[in-house]
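The values are calculated or read from the model by the stated rules, or taken from the named source; none is laboratory data. Because the structure is predicted, anything quoted here is derived from the model rather than measured. Positions of Cβ are generated from backbone atoms using ideal geometry, with glycine treated the same way; all protein chains shown enter the neighbour counts. Just so you know, the surface numbers come from the protein's heavy atoms only, side chains and all, with ligands and any DNA or RNA stripped out. Shrake-Rupley method; radii C 1.70, N 1.55, O 1.52, S 1.80 Å.
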Amino acid sequence: MTILPSKFGSYGGRYVPETLMPALEQLEAEFTRARDDRAFQQKLNGLLVDYAGRPTPITYASRLSERLGGARIYLKREDLAHTGAHKINNALGQALLAQRMGKRRIIAETGAGQHGVASATACALLGLECAVYMGEVDMARQAPNVFRMRLLGAEVRPVSSGSRTLKDAINEAIRDWVTNVETTHYLLGSALGPHPYPTMVREFQKVIGREARTQMLAKTGRTPDAAVACVGGGSNAIGLFSGFLDDPDVALIGVEAGGEGIAGGKHASRFSDPERSRLGVLHGTHTFVLQTPDGQIAETHSVSAGLDYAAVGPEHAHLRDLGRAEYTVATDAEALAAFSLLSTLEGIIPALESAHAVAEAVRRAPKMKPDQILLICLSGRGDKDLDTVTPLLASPPSLKPSPVSLANGEGKSGGTGRRKSERK
């Protein structure tokens, strides 16, 4: 029996060893009490304002809009939050919950490093012990964030098993949690995992959508026609989408990692590859999972460490079934082109994760009308990705295609959602 609904349609749930059930039940009960506790909410909101720098602004991308033609493009600037990504919203919330539960040790996992940095930051602020699991491949491509975590006092534990990326880091974090569950809180970084994590992370990330809706109304007098966000596990997207779920005229668009293309299998798109994506259970939740023919977890690929994950948050699967959100893909090359384009035109270097959302905007905006508005969630900043991007942008000229070539529509997954631009 759970206090809150444990599933989104048929997705989600709690598929974990019996050892973890008491900890998950304690977490759900504490989260529910904290949600209704004015003192807790005041403390969290105070930290979000005075420490994390919220509200983050909305920026009109005038030169990008002019270059692409079509819709006016706005950016929700989570890259300007403290630590450089939206991850700090959830990290502060869960770290405060750990304090309430009397747990002084935090473990976390990270792919792109931004959740690890946010967790280490929250632990430093609150005086909590912190250990972060990270795949060796991700440690190599996100070395600046590894240094930041250690500087903040966290222990970074390399993971050498499997593909040495985010999936394997989560495996090791769960093993640690099973062993030390009485004293340790697992600060999960995305809207996935066993109940109540998908619900809890969404609630802590709702601030993105709540702010964005208010700011768009103040700046433009209306809601956007489309809201776009990248989707790995899906926390920044579910945070943004939550602000517009009750606005049926706002199209919600999630962008997965298309990697080197869907057909070759080197990608991390859970919604676009019927050959590899099937319903299954990964890390305690029932959702779409990339699998081998015999049901093992398939290896994934993305130039973006933060999107390189085999499963997707269960609420995204439900929103897709409902037709309330549409899911597309952007390839590595498209994301790199968008990374370069936004940097050059707006003076904003996006995280590679966010660049996938920008790539979808590049493709979509020219097809929209000049009086329409497209909002992108810029989930993080790209400083962390410069070591990855520098050699890739230095050589292949094909990584800097014109906006027109990106606008031709390659990479679309054929999602089931609606597009307001097509309805008008």
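Go ahead and estimate [θ] at 222 nm for the chain from helices alone: -39,500 (n - 2.57) per DSSP H run with n ≥ 4, summed, over the residue count, rounded to 500.
-12500 deg cm²/dmol
7 Å from Cα along Cα→Cβ at both Met21 and Leu322: what's the point-to-point distance in nm?
Each label point lies 7 Å from its Cα, and together they span 3.0 nm.
Leaving out ligands, DNA and RNA, and with a 1.4 Å probe, what % of the accessible surface on the stretch 277-376 is carbon or sulfur?
Solvent-exposed carbon and sulfur of the stretch 277-376 make up 55 percent of the total.
Just report the Cα centroid separation between the stretch 268-333 and the stretch 1-69, whole Å.
That distance is 21 Å.
Where does each of 280-290, 86-96 land if you order them by average Cβ count within 10 Å, highest first?
So the peptides 280-290, 86-96, ranked by packing, come out 86-96, 280-290.
With a 10 Å radius around each residue's Cβ, average the other Cβ atoms per peptide and rank 305-314, 178-187, 207-216, highest first.
305-314, 207-216, 178-187
Please identify the cysteines of the chain that lack any partner cysteine with a Cβ under 4.7 Å from their own Cβ.
Cysteines of the chain left without a disulfide-compatible partner: Cys230, Cys377.
At a 1.4 Å probe, what is the % contribution of carbon and sulfur to the accessible area of the stretch 45-129?
On the way: 1200 of 2480 Å².
Carbon and sulfur: 48 percent of the exposed surface of the stretch 45-129.
Just order 160-169, 37-46 by mean Cβ neighbour count inside 10 Å, highest at the front, would you?
160-169, 37-46
Please calculate how many Å² of accessible area the chain carries per residue, with a 1.4 Å probe and no DNA, RNA or ligand atoms counted.
I get 36 Å² per residue for this part.
Which entry in [x] -0.24, -0.67, -1.15; [y] -0.27, -0.77, -1.26; [z] -0.21, -0.60, -1.07 is this structure's computed log10 I(q)/I(0) by the Debye sum over Cα atoms at q = 0.06, 0.10, 0.13 Å⁻¹?
[z]
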